[in-house]
Amino acid sequence: MAIIKKLSCFDYPKIKKMISYLGYDINDKFLKAIVEEPAGVLNNILPLNLKFKPESYILLEDDEILGIITVAPTSGNPYKINISRLVFKEDYYTTGKQLIDFIVAKYGAKGAHCFTVFVDKSHDELCTLFVDGCGFRQCSYENLWKLENFVTQNKNRSNFRPCQNSDAKEIANLYNSELNNLYKPSMQREYTEFVEPVFQGLNNYYKNRYVLWAGNHLIAYLSITTIDNLNFIIDISTDEGYDFDYDEILNFALYEISRRKTHFTAFLKHRQYAKTADKLENYLHERNLNCIQTQCVFIKDFYKPIKETNSPLKIFLFDENIAVN
């Protein structure tokens, strides 16, 4: 009989056996990420609105682990759940469906209203599972462009300043105004999601944030995120009514990273659901930069969408939304 239970430290040997077919580097990275998750004593007893760390569940049958799923609450909005990891043996799609349905039911009962997953476009086996089997829908895409051989001038020129919590409401307004109307019901963000969390040091990532104001109007927001202090993701939100010099913005971002790291790899996130997506993509092509990853955005929520689009997509194993050099 199959059961689903929360992952514990006693399950690590079984996990190692389950993923032994992966390459050595992937195996070690996966195990390290699992082991670094909290023992759960504090996080487990907290209500959903106070949870701050990922939680993993396993599906067991005859004392053998058939699948693992990891979920994480969105910082500032714990009722928005991110499915960050899903592993199951090949051809065991029933296992994947059971784990996903379990998470939606469990966290939905606690008040969660939105479930999100990012899936690499290079895989398509789970399209039917997520869309037809579990009721998710594909909203759009997020791309990562590698800033390789990015040579610029005047690195210190910028009017960006460090972000403060008092900027949160204006940042949320800017971010939401940048969304295409089709995606606003599911993808808009609350201002609390832009407030630096109290337990910032306990997060499994590090983020620097900056804002650019024109008088009393916020016109740009910039974040730089890393989970390994080696690969950095730059994300930009801009007011479509202004003409921006992307060279200048990226100059500033790369300079800020270089202040703490001599050797690093930087990527620019390109959100295709933003109104400025085409303008940014044209710039990236002009710069002869390469898109090294495209992820489909799947969402399941309790809002009625304006329109649903289903596109094929693949995945067998996916992890945090981070490029690996």
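Since every read-out is calculated from the coordinates, none of them should be taken as a lab result. Computed from a predicted structure; not experimentally measured. A quick note on method: Cβ atoms are made from the backbone with ideal geometry, for glycine too, and the neighbour counts reach across all protein chains shown.
In region 158-250, the ratio of gyration radius to Kirkwood radius, Rg to Rh, stands at 0.96 when only Cα atoms are counted. For residue 90 and residue 189, a Förster radius of 41 Å and the Cβ-Cβ distance give a FRET efficiency of 0.70, rounded to the nearest 0.05. Extension gain, residue 9 to residue 229, is 76.6 nm, computed as 0.36 nm per intervening residue step minus the present C-alpha separation. What percent do you get for the relative contact order of region 146-301 when only Cα pairs under 8 Å and 6+ apart count? Relative contact order comes out at 29 percent. Counting neighbouring Cβ atoms within 10 Å and putting the fewest first, the residues 102, 88 line up as 102, 88.
Mind giving me the FRET efficiency for residue 2 and residue 110? R0 is 25 Å, r the Cβ-Cβ distance, nearest 0.05 is fine.
Approximately 0.65, to the nearest 0.05.
Rounded to a whole number, what is D in µm²/s for region 146-301 from Stokes-Einstein with the Kirkwood radius over alpha-carbon pairs (25 °C, 0.890 mPa s)? Value of D from the Cα-based Kirkwood radius: 148 µm²/s.
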